[in-house]
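A short worksheet on the structure shown next.
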Amino acid sequence: MPAQTAPPAGGGPTVPASPWAELSGTQRAIVLALLRHGRLSRPQIMGLVGISPGSVTRLTAPLIEQGLLITRPERASGAGRPPSPLELRADAETLVGASLTARTLTVVLTDLRLDVLETARRPLPGHDPRRVADLLADVVGELLARRRGAATPSCLGISLGGTSRDGRTVDEAVFLGWHGVPLAATAEARTGLPTRVGNDLTALTQHEAWFGAGRDHGRFSLVTVGAGVGYGLVVDGGVITSPDAELGLLGTIPVPDGARPPVASPAMDCLTDTALERAWAKAGGEPLGARAIVERAADGDRAAVAVCASFARRLGRLIGMLAAFTLPEVVVVAGERAAIASLFEEQVMVGIAAVRRASAQSPTIAVREHERADWARGAACLALRSRVMGEL
């Protein structure tokens, strides 16, 4: 196993020396293939990475010796040597992922396959970056105390609704009032863990690419609705991004309603919690939050059903328009109000059909139950990617 470095000055955990730093490009490609596809046979690795049988053995042997990969012989179906597929060794390292919202901090401790070992959620003590980092360090210490047998965390990922072009400084996070905040350096000083900072939607999309829809689909889209509206695109297992990808540009796309003639509103004005609550109030309902409105709809309340069904049709129209441009095999719906897509699946399909030719096949819809821990896992996925690429 990797050697240990000296304890950090900030009093955090002793961080393992990175075994990823000296990997060749082809070795990284093998690891990335295993992250995305899980257990793979040597012939499968050859096909995905484009290398010979001898190269598979030569390149993976050091990773097995270092404890990063393991091989599990399977029972042979006939004569000859049984196959020995390779996979990442889950307990080789642990990672920490932290998701920041305006009010809460959610932190997970995961293994190398991003299975959650421990999780905790705390209210923010305010928006001062130093106080947030102090809280983060306290929660990390708490999770490690709960899981004393786990490997020492190798790195930390932090995701939030904002932009960070270099992975270290928060360029802008409006809901926190942050501009030019050196969050990675502040977190490293408090936790002692090499840190990667990124946009929460990008992080969630990366997690879905490696551990969700990306396992079975080379091209898919991710749409989030609730506190905001977000969009992610994965092609050939890679997250399509740019410097503007974290600016929430989807929120300005006009989405038509079902009126005649139709009235179009920006997605941020019709597919958010605020929009749902506004529609409920307009229908004469007493003051309720978006979650309570959806719960009433699930219980059969007619007024709530009407409001949520309208929301679902709008969501369908947005999905239909996005699908016309990106041609996804599947569309993953996530976010605080993703449940509406499950409760009113038929209405989502009605919305898609309204903006799609009848002869075109409707995209498959996969709904993810909203869990803040999944967003924190996305943050850990950002750190894992940087770790494997030798950046952390």
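The values are calculated or read from the model by the stated rules, or taken from the named source; none is laboratory data. Since we're looking at a predicted model, the values are computed, not measured. Cβ sites come from the backbone with ideal geometry, for glycine too, and all protein chains shown count toward neighbours. Protein only, heavy atoms only, side chains kept; ligands, DNA and RNA dropped before computing areas. Shrake-Rupley method; radii C 1.70, N 1.55, O 1.52, S 1.80 Å.
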Output the number of the condition that R291 fails; it satisfies all remaining conditions of (1) touching a residue at least 12 places away in the same chain (Cβ under 8 Å); (2) in a loop (DSSP other than H, G, I, E, B); (3) surrounded by fewer than 21 Cβ atoms within 10 Å (Cβ to Cβ).
(2)
Could you go through segment 328-346 and let me know if any residue there is more than 30 Å from L156 (Cβ to Cβ), open to solvent by 30 Å² or more (accessible area, probe 1.4 Å) and in contact with a Pro (Cβ under 8 Å, 6 or more places away or on another chain).
yes
In segment 108-131, which residues are open to solvent by 30 Å² or more (accessible area, probe 1.4 Å) and assigned to a strand (DSSP E or B)?
V116, L117, E118, T119, R121, R122, P123
Candidates L114, L105, L109, L100 - the one that is at positive phi and of a type in the set (A, V, I, L, M, F, W, C):
L114
Residue list for segment 346-392, filter: farther than 23 Å from A33 by Cα and part of a helix (DSSP H, G or I):
E346, Q347, V348, M349, V350, G351, I352, A353, A354, R372, A373
Out of all the residues in segment 293-301, is one or more under 20 Å from the mean Cα position of the chain (by Cα) and at pLDDT 95 or above?
no
Among helices (runs of 4 or more DSSP H) entirely within segment 182-284, at least 1 residues that are hydrophobic (A, V, I, L, M, F, W, C) and under 15 Å from the mean Cα position of the chain (by Cα) occur in 200-211
Considering segment 164-215 alone, what residues qualify as being within 20 Å of A334 (Cα to Cα) and of a type in the set (K, R)?
R215
Would you check if D236 is out of contact with any strand residue (DSSP E or B) (no Cβ under 6 Å at 6 or more places or on another chain), more than 30 Å from R39 (Cβ to Cβ), of a type outside the set (S, T, Y) and open to solvent by 40 Å² or more (accessible area, probe 1.4 Å)?
no
Quickly run through segment 132-173 and pick out the residues that are part of a helix (DSSP H, G or I) and among the hydrophobic types (A, V, I, L, M, F, W, C).
V132, A133, L135, L136, A137, V139, V140, L143, L144, A145
Those residues of segment 245-283 which are out of contact with any helix residue (DSSP H, G or I) (no Cβ under 7 Å at 6 or more places or on another chain) and either more than 30 Å from R165 (Cβ to Cβ) or open to solvent by less than 50 Å² (accessible area, probe 1.4 Å) (or both) amount to G248, A259, R260, P261, P262, V263, A264, S265, T272, R278, A281, K282
So, of the residues in segment 347-360 that are over 29 Å from the mean Cα position of the chain (by Cα) and without any contact (Cβ under 8 Å) to a residue 40 or more places away in the chain, which turns out to be most open to solvent (accessible area, probe 1.4 Å)?
R357
Residue ID - nearest to V350 (Cα to Cα), chosen from residues in segment 239-268 that are charged (D, E, K, R) and in contact (Cβ under 8 Å) with a residue 40 or more places away in the chain
D257
